[in-house]
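The values are calculated or read from the model by the stated rules, or taken from the named source; none is laboratory data. Remember, it's a predicted structure, so these values are computed and weren't measured experimentally. Cβ placement follows ideal geometry from the backbone for every residue including glycine, while neighbour counts extend to all protein chains displayed.
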Amino acid sequence: MAIGSRLLYTAEEFGRRPDPGYPEEMVRGRIVKMLPPGGRHGKVCLNTGYELRRFLDDHDLGHALSNDSGVITERGPDTVRGADVCFYSYQRVPKGPLPAGYLDVAPDAVFEVLSSGDRWREVLRKVTEYLDAGVQAVVVLDPERRKIHIFEGDEPTRILTDQDELTLPGVLGEFRVPVRRFFD
């Protein structure tokens, strides 16, 4: 589909494109180039994935994905966001190998790590997209302030600091991690 001279992609077309060598997302059918995040972002993403994977090794509840795994948040026109880390329960995606393309269901939880260039207006837009798509919990990690913001449906936003523990009982049961471990 074309509007003027700009082509609108579907999620499937976007997913089949060759890797351009830099991060990008697709917003309402249009490809958006993103700045590569820095080292601190990568470390917090790795810490987050590690804590989630470690928990799932002991509690076989679902799949942990990372590395900007594509999550379809809207259709017609399509939006595909690159979640830093996400969790799909076996109720949403059965146990076993995952398909090569984007999954056709929303994850149960998404973890987004702020980069220095991120603006809260855009972050909150993504949070809303994730929640509207059916994600139960969106966890935004802020490495600069060492805080975690948790968005769960219509519940009030929870903000955690280094002295707190991250829990997501409605999504990850007994998952408990001191906030400082994500940032150290």
Self-check item: Within the range 1-24, considering residues that are part of a strand (DSSP E or B) and more than 23 Å from Ala133 (Cβ to Cβ), the one modelled with the highest pLDDT
Solution: Leu7
Quiz item: What are the residue pairs meeting all of these: first residue in the range 134-150, first residue free of Cβ contacts under 8 Å to residues at least 12 places away in the same chain, second residue not in a strand (DSSP E or B), Cβ atoms under 9 Å, and 6 or more apart or on different chains?
Solution: Arg145/Leu114; Arg145/Thr161; His149/Val123; His149/Val127; His149/Thr157
Exercise. State which residue is surrounded by the most Cβ atoms within 10 Å (Cβ to Cβ) when the search covers only the range 33-88 and only residues that are under 23 Å from His149 (Cβ atoms), touching a Lys or Arg at 6+ places or on another chain (Cβ under 8 Å) and among the charged types (D, E, K, R).
Key: Arg81
Quiz item: Residues in the range 25-37: is at least one within 30 Å of Lys95 (Cβ to Cβ) and part of a helix (DSSP H, G or I)?
Solution: no
Quiz item: Can you find a residue in the range 155-178 that is among the basic types (Lys, Arg) and surrounded by 17 or more Cβ atoms within 10 Å (Cβ to Cβ)?
Solution: no
Quiz item: Filtering the range 144-154 down to residues that are among the charged types (D, E, K, R) and loosely packed, with under 12 Cβ neighbours inside 10 Å, which residue is nearest to Gly117 (Cα to Cα)?
Solution: Glu144
Exercise. Tell me which residues, restricted to the range 122-148, are more than 23 Å from Val32 (Cα to Cα), more than 13 Å from the chain's Cα centre (by Cα) and outside any loop (DSSP other than H, G, I, E, B).
Key: Lys147, Ile148
Quiz item: Which ranges mark the strands (runs of 3 or more DSSP E) fully within the range 52-118 that have 2 or more residues being without any contact (Cβ under 8 Å) to a residue 24 or more places away in the chain?
Solution: 62-74
